[in-house]
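Notes follow the structure.
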Amino acid sequence: MPRSVARVVGMMACGVAVAALGCSRPDPLGFTPVTGRVTFDGQPLERGEIRFSPDLAAGNAGPQSGSVLGAGGVYTLRGPGGRAGAVPGQHRVYLAMPLEDGPPTPPIEIDGKMIEREDALRTRGKKLPARYLAPDTSGLTATVTQGEPARFEFELVSTPSKK
């Protein structure tokens, strides 16, 4: 093979290698895979969505991640652009539930704060308490560690336990 052809082939190989390395860079926000399961009074919660909202008070910022709850109450989080998982750090976790006979109703944003619409979900005859429908009142939290896939199980109850 003539030297000039070998040089062109070598440069093309280097270009392909550099492009491949550039394409495999980690996500700059550090999205980490998160899966789990949600139950309500011991039964899988199979309707609605779960949302992980970075806890600003704990110094965590970034986009929110969420997932539709599936069979058995399982979920797999996705962030903006279909990124798998959630940004690392502390999160406030809450649910966005569909109306009993309708499609999921997303929360609305008013003056920079997420406000849940009226819920009417009944699961096996029990109404999901409204406290679970907002990040400030759910009492559900999760800490995502960068690079360590995580699984979080949330066991919701209709009445809080007395301590």
Given (1) modelled with pLDDT under 85; (2) in contact with a Ser or Thr (Cβ under 7 Å, 6 or more places away or on another chain); (3) among the charged types (D, E, K, R), number of the condition residue 41 does not satisfy: (1)
Unmet requirement for residue 43, which otherwise passes all of (1) surrounded by fewer than 16 Cβ atoms within 10 Å (Cβ to Cβ); (2) without any contact (Cβ under 8 Å) to a residue 60 or more places away in the chain: (2)
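The values are calculated or read from the model by the stated rules, or taken from the named source; none is laboratory data. Every value quoted in this text rests on a predicted model; they were computed, and no experiment measured them. All Cβ positions, glycine included, derive from the backbone under ideal geometry; neighbour counts span all protein chains shown.
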